[in-house]
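Chemist: Structure below; questions to follow.
The values are calculated or read from the model by the stated rules, or taken from the named source; none is laboratory data. Values in this document were obtained by computation on a predicted structure and should not be read as measured data. Counting neighbours? That spans all protein chains shown, and the Cβs are built from the backbone with ideal geometry, glycine included. Surface areas here come from the heavy atoms of the whole protein model, side chains and all, with no ligands, DNA or RNA. Shrake-Rupley method; radii C 1.70, N 1.55, O 1.52, S 1.80 Å.
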Amino acid sequence: MEFTEFLTELSSKAPVPGGGGASALGGALGAGLGLMVANLTVGKKKYARWEPEILEYINKMEGLKARFLELAREDEEVFAPLAEAYRLPADTDEQRREKETVMEERLLAASLVPLELMETGMEMLGILRELEEKGSVMAVSDVGVAVQFIRTAVTGGAMNVMINTGSMKNREKAEELNRKAEKLVREGTEAADDIYGRVASRLR
């Protein structure tokens, strides 16, 4: 949907888009800024030695930007059936068993999308780390802004993993997903803070 339409829907009481879609959109914005920095760098004599790498980053970031947008859509697609599952009847033992089975399947699906969002954010942070060093100095502040968008994608993804794993009956699987999310948050925030700090130091 168009960005203004997305914001209108996000602002409403409609269940989607929500935090997951907004986090993925933040990732796409971070990737877009990274692409801007890279595009401002190519073709400049000062950065000629980095050009093959920068061109490779541009190709990768185009794919990451598209994936972030796909994840925003997928977040909506997995939430709708989950919301329906909550409304399934549970009056008899058979209905309760059926509802529990369906809920587990859909909670897992709804957890895997934000987990992939986090992993995609980590890949983007790796490129932004390189752009802070090798990108145009005129756009280094945009690397810092991009990092904050990706930080939001990673931490926002974690929130959406945990809101779903919290309702799972299979606690072993839930804790496995939680551990993955916690590891990605730890690594992602450390990386984002480091890159942001480097940018801020250069700006001062």
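Chemist: Hey, any idea what the orientation-averaged projected area of the convex hull of the chain's Cα atoms comes to, in nm²?
Modeler: 12.7
Chemist: Given the -39500 (n - 2.57) contribution per DSSP H run of 4+ residues, what per-residue ellipticity at 222 nm results for the chain, rounded to the nearest 500 deg cm²/dmol?
Modeler: Dividing the helical sum by the residues of the chain leaves -29500 deg cm²/dmol.
Chemist: Here's another thing I want to ask about it. Helix 140-165: angle to the longest alpha-carbon principal axis of the chain, degrees 0 to 90, nearest 10?
Modeler: 10
Chemist: Loop only by DSSP, 16 or fewer other Cβ within 10 Å of the Cβ. Give me the trypsin sites (Lys or Arg not before Pro) in region 1-65 that pass, ordered by residue number.
Modeler: Lys13, Lys44
Chemist: To test your reading of the geometry: what angle, between 0 and 90 degrees and rounded to tens, separates the Cα axis of helix 19-41 from the longest principal axis of the chain?
Modeler: 20
Chemist: At 7 Å along Cα-to-Cβ for each site, give me the label-to-label distance between Gln148 and Glu100 in nm.
Modeler: For the pair Gln148/Glu100, the computed spacing is 4.7 nm.
Chemist: Give me the percent of accessible area attributable to carbon and sulfur for the chain, probe 1.4 angstrom.
Modeler: Numbers: 5900 of 10960 Å².
The nonpolar share, carbon plus sulfur, comes to 54 percent.
Chemist: Let me ask another. When N is the residue count of region 42-159, what does its C-alpha Rg come to as a fraction of 2.2 N^0.38 Å? Don't skip to the end; give the middle numbers.
Modeler: On the way: Rg = 20.6 Å, N = 118, 2.2 N^0.38 = 13.5 Å.
Dividing the Cα Rg of region 42-159 by 2.2 N^0.38 Å gives 1.53.
Chemist: If you don't mind, there's one more thing I want to ask. Taking the Cα centre of the chain as the origin and placing charges on Cβ (Lys, Arg +1; Asp, Glu -1), which of Ala66, Met124, Leu55 is farthest toward the positive end of the dipole?
Modeler: Looking along the dipole axis, the top candidate is Leu55.
Chemist: A 30 angstrom limit on the alpha carbon distance is what I want to check against. Which of Lys65/Lys169; Lys99/Lys173; Lys13/Lys65; Lys46/Lys180 exceed it?
Modeler: The pairs that break the limit, which is 30 Å between Cα atoms, are Lys65/Lys169; Lys46/Lys180.
Chemist: Among Gly166, Gly121, Gly26, determine the one that fluctuates most according to a GNM of the chain built with springs between C-alpha atoms less than 10 Å apart.
Modeler: Among Gly166, Gly121, Gly26, the largest GNM mean-square fluctuation belongs to Gly166.
Chemist: How large is the accessible surface per residue of region 1-118, computed with a 1.4 Å probe and reported in Å² as a whole number?
Modeler: Value returned for region 1-118: 57 Å² of accessible area per residue.
Chemist: When N counts the residues of region 94-196, how does its alpha-carbon radius of gyration compare numerically with 2.2 N^0.38 Å, as a ratio?
Modeler: 1.34
Chemist: Nearest 10 degrees is fine. How inclined is helix 51-86 to the longest principal axis of the chain, computing both from alpha carbons?
Modeler: Orientation of helix 51-86: about 20 degrees from the principal axis.
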